[in-house]
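The values are calculated or read from the model by the stated rules, or taken from the named source; none is laboratory data. Small disclaimer: the values here were computed from a predicted structure and weren't measured. Backbone-built Cβ (ideal geometry, glycine too); neighbour counts: all protein chains shown. We work out accessible area using only protein heavy atoms, side chains counted, and drop any ligands, DNA or RNA first. Shrake-Rupley method; radii C 1.70, N 1.55, O 1.52, S 1.80 Å.
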Amino acid sequence: MITTVLMIEKPLVPTDVELVTTLHGAAEEVSFIVLMQPRGDQDRLLRALDDVALGEFGEAVREADRPEGERALEPAERGLALTVRALREAGSQAVGRVIADHPLDVLSSVVKETNADEVIVLTAPHYVEELFHRDWASRARKRVGVPVLKLFAHAE
């Protein structure tokens, strides 16, 4: 059994579920521990810059309209429940939790507590953070002591 910690920022779409559940082939059973961080207001500027870099100017303007902080907890919990259910329906074991603060500290402790074999960071592209190696995957590689795979989430 492979134990994978999966860090996400939005619910997985079917394409993402298929991607993460087939990475190891049919012969390997995978158990997922899903960590989902709700949107934070501290990230608004970076998200808007990423939207502009992708040419999605309308998305950049709408950043202020999206729930953040405490208001983002309920949507994150619903999204996490959908993701865990989808992973289970695909034949994997899965549990999850919403992490509102210090995601990399939580990731490090979860990896240690569960003896995880790997971490998968599945997020939208974050060009500004990636440029300066401040994205989750770059920072996690320095902290967790297991392989960290970065994948880009699909949109529906």
Quick check on region 99-125: of everything there that is assigned to a strand (DSSP E or B) and not aliphatic (A, V, I, L, M), which residue is most open to solvent (accessible area, probe 1.4 Å)? E118
Kindly provide the set of residues from region 84-98 that are open to solvent by less than 50 Å² (accessible area, probe 1.4 Å) and at pLDDT 95 or above, ordered by number. V84, A86, L87, A94, G96
Which one of these is modelled with pLDDT of 60 or more, aliphatic (A, V, I, L, M) and over 16 Å from the mean Cα position of the chain (by Cα): V30, V34? V30
Out of (1) closer than 21 Å to V146 by Cβ; (2) open to solvent by 30 Å² or more (accessible area, probe 1.4 Å); (3) at pLDDT below 85; (4) not in a loop (DSSP other than H, G, I, E, B), the odd one out for L19 is which? (3)
Just to verify a result, which residue in region 126-151, among those that are part of a strand (DSSP E or B) and surrounded by fewer than 17 Cβ atoms within 10 Å (Cβ to Cβ), is modelled with the highest pLDDT? L149
Out of all the residues in region 104-122, is one or more of a type outside the set (A, V, I, L, M, F, W, C), closer than 16 Å to K10 by Cα and either in contact with a strand residue (DSSP E or B) (Cβ under 7 Å, 6 or more places away or on another chain) or at pLDDT below 85 (or both)? no
